[in-house]
Amino acid sequence: MGEYYGVTNWDWYGLVLFNLITYVFYGMIRNCVMDGQTPHTTLDIFGMNLATQFLLCFTRYAWYIYLVVPGYIGFKLLGYVWGYIARTNDKTAIDEQPKIDPKEAKRLEKKQKKEEKPRVKYIK
């Protein structure tokens, strides 16, 4: 903070990047709100962009905040892959259940029908 860095070409590139991200994500937020939806992730990225802009006034290390975006995308993709793997394992577990013989199935069906009948208690 004590040194003067000066304005470099990278600062101009960053300004263009910030303006582009702000414009695009503001439009996405506006469209979501007009459609009656809640802009969850879009609003998070927009807020992170504004926070990075503010913190860059004090330190150049604020650019590291943008590393959160690829980390979040990786986290979401890992969740999708894990859900697919878990779903595949559940299907194999269902297929491995023992088969019920026809006599046992008929007995269970009769028992279930008997339980479904309303019970009436007569008082004398």
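The values are calculated or read from the model by the stated rules, or taken from the named source; none is laboratory data. Computed from a predicted model, the values in this text were never measured in an experiment. Heads up, the Cβs are rebuilt from the backbone with ideal geometry, glycines too, and the neighbour counts pull from every protein chain shown.
F58 falls short on exactly one of the conditions (1) within 22 Å of G14 (Cα to Cα); (2) assigned to a helix (DSSP H, G or I), and that condition is (2).
Residue-by-condition table, conditions (1) surrounded by 10 or more Cβ atoms within 10 Å (Cβ to Cβ); (2) assigned to a helix (DSSP H, G or I); (3) touching a Pro at 6+ places or on another chain (Cβ under 7 Å):
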site: Y26; (1), (2), (3): yes, yes, no
site: I29; (1), (2), (3): yes, yes, yes
site: L50; (1), (2), (3): yes, yes, no
site: Q53; (1), (2), (3): yes, yes, no
site: L67; (1), (2), (3): no, yes, no
site: Y72; (1), (2), (3): yes, yes, no
site: G79; (1), (2), (3): yes, yes, no
site: W82; (1), (2), (3): yes, yes, no
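Against the conditions (1) farther than 30 Å from V7 by Cα; (2) modelled with pLDDT of 85 or more; (3) in a helix (DSSP H, G or I), G36 satisfies every one except (3).
Test L77 against the criterion of being aliphatic (A, V, I, L, M) and under 28 Å from the mean Cα position of the chain (by Cα), and give yes or no. Steps first, please.
On the way: aliphatic (A, V, I, L, M): yes; under 28 Å from the mean Cα position of the chain (by Cα): yes.
Criteria met by L77.
Taking the conditions (1) at pLDDT below 85; (2) touching a helix residue (DSSP H, G or I) at 6+ places or on another chain (Cβ under 8 Å) in turn, Q53 satisfies each one other than (1).
Conditions first: (1) at pLDDT 85 or above; (2) out of contact with any Pro (no Cβ under 9 Å at 6 or more places or on another chain). F46 passes all but one, so which condition is the exception? In the conditions (1) at pLDDT 85 or above; (2) out of contact with any Pro (no Cβ under 9 Å at 6 or more places or on another chain), F46 misses (2) alone.
Residues that are free of Cβ contacts under 8 Å to residues at least 40 places away in the same chain, of a type in the set (A, V, I, L, M, F, W, C) and outside any helix (DSSP H, G or I) within the stretch 1-24 comprise just one, V7. Across the stretch 87-105, the qualifying residues are those that are surrounded by 10 or more Cβ atoms within 10 Å (Cβ to Cβ) and either hydrophobic (A, V, I, L, M, F, W, C) or modelled with pLDDT of 85 or more (or both), and the one among them that is farthest from T22 (Cα to Cα) is A105. In the stretch 29-46, the residues that are under 19 Å from Y66 (Cα atoms) and without any contact (Cβ under 8 Å) to a residue 24 or more places away in the chain form no Cβ pair under 8 Å with any partner that is surrounded by fewer than 12 Cβ atoms within 10 Å (Cβ to Cβ) and aromatic (F, W, Y), whether six or more places apart or across chains.
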